[in-house]
1. Would you please give the residues with an amide H less than 5 Å from that of R98, counting only those at least 5 places away or on a separate chain, with H modeled from the backbone geometry?
2. Once the Cβ-Cβ distance between V192 and R168 is put in as r, and R0 is 25 Å, what FRET efficiency do you end up with, to the nearest 0.05?
3. For the chain, place one equal point scatterer on every Cα, skip the solvent, and apply the Debye formula. What is log10 of I(q)/I(0) at q = 0.16 Å⁻¹?
4. Would you kindly derive the ³J(HN,Hα) couplings of the range 11-19 from the backbone phi angles with the Karplus curve 6.51 cos²θ - 1.76 cosθ + 1.60 (θ = phi - 60°), listing them in order in whole Hz, with x for Gly and Pro?
5. So which lysines can K172 reach, going by Cα to Cα under 19 Å and dropping same-chain residues fewer than 8 places off?
6. For the range 122-212, what class follows from the C-alpha gyration tensor (a ≥ b ≥ c being the square roots of its eigenvalues): rounded when a/c is under 1.5, otherwise prolate if a/b is larger than b/c, else oblate?
7. Rounded to a whole number of µm²/s, how large is the Stokes-Einstein D of the range 13-65 at 37 °C and 0.692 mPa s, given Rh as the Kirkwood radius over C-alpha pairs?
8. Could you estimate the translational diffusion coefficient of the range 31-100 from the Stokes-Einstein equation, with Rh from the Kirkwood formula over C-alpha pairs, at 20 °C and 1.002 mPa s, in whole µm²/s?
Amino acid sequence: MKSVLIIGVGQFGTHIAKRMEELRCEVMAVDINEECINEIMPYVTDAMIGDGTNEEFLRSLGIGNFDVCIVALGGLFQTSLETTSLLKELGAKKVISRATNDVQMKFLLRNGADEVVYPEKQMALRVATKYASDSILDFIQLDNNYSIYELKIPRNWYGETLSDIDIRKKYKVNILTIKRGNDVFIPSSDTVLGEDDIAFVIGEMRDIQKCFRI
């Protein structure tokens, strides 16, 4: 069970806190706003009113005891930057900070963040990719090169086996799973593809586009 500190429980921080609690993490939520703390209290292990830029307050939390510290602050970027830097100085094992643009991301990484999340950009990429083609049902970016796509099976694949289409060799695209009705399974080379099948595939975007003719 991981111990997690979340500083900032606006909408973004609240979603993280609730989900991590569901995943059986011990969640400590911190926010300077009393109303936010009162709202999140029923959903987390503990919650405190406090300022993430106050060194003595952070020190009192025992920062080194948390497995992960998440800076989910909105508003003034300077506050996020100061909080990130202080957490690292106080011995945080891992600091994950929120950015709203590329410049913020660079500064956060230079000032103690081990990882930066960029929810607006990530959601924009997901929405743009999903709605760029009727074939794409969903999209998860893994890094700058590889992503996982949920795609409709092309019409010319109906009745063919994975061995027949051989997309791994032709396009460097791997089919991870197939969704058929309510069932999801890992296909074999002799799995016959059907009209209503949905494929979860991994590959580079340019290869996916060639393979699925997007």
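Coordinate-derived values only; no laboratory data. As the structure is a prediction and not an experimental result, all values here were calculated from the model. Every residue, glycine among them, receives a Cβ derived from its backbone with ideal geometry; neighbour counts consider all protein chains shown.
1. Those qualifying (amide H under 5 Å, at least 5 residues apart or on another chain) are V71, L73, V117.
2. 0.90
3. Here the Debye-derived log intensity ratios amount to -0.97.
4. The phi angles translate into 4, 5, x, 5, 4, 5, 4, 5, 5 Hz.
5. K152, K210
6. Numbers: a/c = 1.84, a/b = 1.48, b/c = 1.24.
Prolate, because a/c is 1.5 or more and a/b exceeds b/c.
7. On the way: Rh = 11.5 Å.
In µm²/s, the coefficient is 286.
8. Roughly 171 µm²/s, to the nearest whole number.
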